[in-house]
1. State the number of residues belonging to segment 18-40 that are open to solvent by 10 Å² or more (accessible area, probe 1.4 Å), within 29 Å of S70 (Cβ to Cβ) and aliphatic (A, V, I, L, M).
2. Would you mind telling me which numbered condition in (1) small (G, A, S); (2) part of a strand (DSSP E or B); (3) free of Cβ contacts under 8 Å to residues at least 12 places away in the same chain G261 fails?
3. Does F366 satisfy the condition of being at pLDDT 90 or above, open to solvent by less than 60 Å² (accessible area, probe 1.4 Å) and in contact with a helix residue (DSSP H, G or I) (Cβ under 9 Å, 6 or more places away or on another chain)?
4. Does any residue in segment 16-30 that is of a type in the set (K, R) come within less than 8 Å, Cβ to Cβ, of a residue that is not in a loop (DSSP other than H, G, I, E, B) six or more places away or on a different chain, and which pairs are these?
5. How many residues does segment 256-306 contain that are under 24 Å from the mean Cα position of the chain (by Cα) and of a type in the set (S, T, N, Q)?
6. Just to be sure I understand the filter: pairs with C-beta atoms under 7 Å, separated by 6 or more residues or on different chains, first member in segment 329-358 and at positive phi, second member at pLDDT below 90 and assigned to a loop (DSSP other than H, G, I, E, B). Which pairs pass?
7. Restricting the search to segment 299-320, which residues are within 23 Å of R350 (Cβ to Cβ) and touching a strand residue (DSSP E or B) at 6+ places or on another chain (Cβ under 7 Å)?
8. Among the listed residues L209, L202, L219, which satisfies the condition of being under 30 Å from A19 (Cα atoms), at pLDDT 95 or above, surrounded by 14 or more Cβ atoms within 10 Å (Cβ to Cβ) and of a type in the set (A, V, I, L, M)?
Amino acid sequence: MALILTFLGKGGSARTQVAIAAAKLLASQGKRVLLAGSAEPALQILLGLPVGTDPQEIAANLQVVQLQASTLLERSWEDVKKLEAQYLRTPILKDVYGQELSVLPGMDTALVLNAIREYYESGNYDVIVYDGSGDTSTLRMFGMPEYLSWYVRRFRQLFVNSDLGRTISESPLIQPLVSTFFNINWTADNFAQPTNQVNNFLDKGKAALADPKHVAAFLVTTADPVEVASARYLWGSAQQVGLTVGGVILVSSDTNINTSGEFTPLPVSVVPHVKADEWQLLMDSLPNFVAQAVQAPKPIEIDIHERKVSLFLPGFDKKQVKLTQYGPEVTVEAGDQRRNIFLPPALSGRPVAGAKFQNNYLIISF
């Protein structure tokens, strides 16, 4: 499967330059690369050519595409109507057309993630370099499979255990009524068929995100203290969504500059400020992305034998990390990200016995 590579950081144009150089470098190594950017003009300006909403080849092994939310929504609408027809006996969306739909807040990230997934599963590319906003919006996008998975399993169980759920499941009067509207059998287990399909879909996304050979991020920053602080914050936030950060790319004309202490244990690669036509100089300074990503600390490690869960949360201190256990899972809050930890059967249902924050790790004992 392909590698999805993205870059996080405050500096927009520098981050986009690094993304372009990374795409060019990987393409020069014989990998089939797709450089995917947003609808904003930075990518087109730096490339010096127009970028369309369909992949176009701009060099050997290198294609580029603009992920425009309105176009993605229009193209996805037919799939939505097919899905509706699969479950609903009388579809109601058939007279609504994709060309008339507006993008609501939050839709854009879901549409972009789905487009990346489709390119990822197409088999046409070895690497997909995604040049997004590089901030917490990008992190929430990559965390969507985990977030949605929690909502599905949590609320499905609540519904099954509710009076309404039991009534639908057991009532001889309601079942025939439900069957007149839906194409599936709801009697065996409420929402079983569609829920299982959704879970399988989300599990694939979570599995890819958990493997740094398939999804990885790199921080892009300058030596400016504000940018360094922002990069550290994004580093810790990325761990909360399960996204592996493989290293740091420091943009500076001073090759002797040292900010490694801010990002230990990540390797820091210093790359020069370049003009738009000096790609080779920047390409020569970039690291081996996969080699660094697989060596990076894992966002979460579970030791069943020791009954411990360790979460790597750099960029935060003890006061910024909160641990709660309201439901069947453990919830960890750090910064503006909240993560529900799905525990293996050996630990599921056990109360938290203790927790400590040490050396950037939150260690939870059961």
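The values are calculated or read from the model by the stated rules, or taken from the named source; none is laboratory data. On a predicted model such as this, the values are computed, not experimentally measured, just so you know. Neighbour counts are summed over all protein chains in view; Cβ atoms, including those assigned to glycine, are modelled from backbone coordinates with ideal geometry. The protein model used for the area step is the full one, side chains on, heavy atoms only, and it has no ligands, DNA or RNA in it. Shrake-Rupley method; radii C 1.70, N 1.55, O 1.52, S 1.80 Å.
1. Matching residues across segment 18-40 total 1.
2. For G261, the failing item is (2).
3. When the stated conditions are applied, F366 does not pass them.
4. What qualifies is K24/A59; K24/L62; K24/W279; K24/M283.
5. 5
6. Once the first residue is at positive phi and sits in segment 329-358, its partners that are at pLDDT below 90 and assigned to a loop (DSSP other than H, G, I, E, B) give G349/P328.
7. P299, I300, E301, I302, R307, K308, V309, S310, L311, F312, L313
8. Answer to the check: L219.
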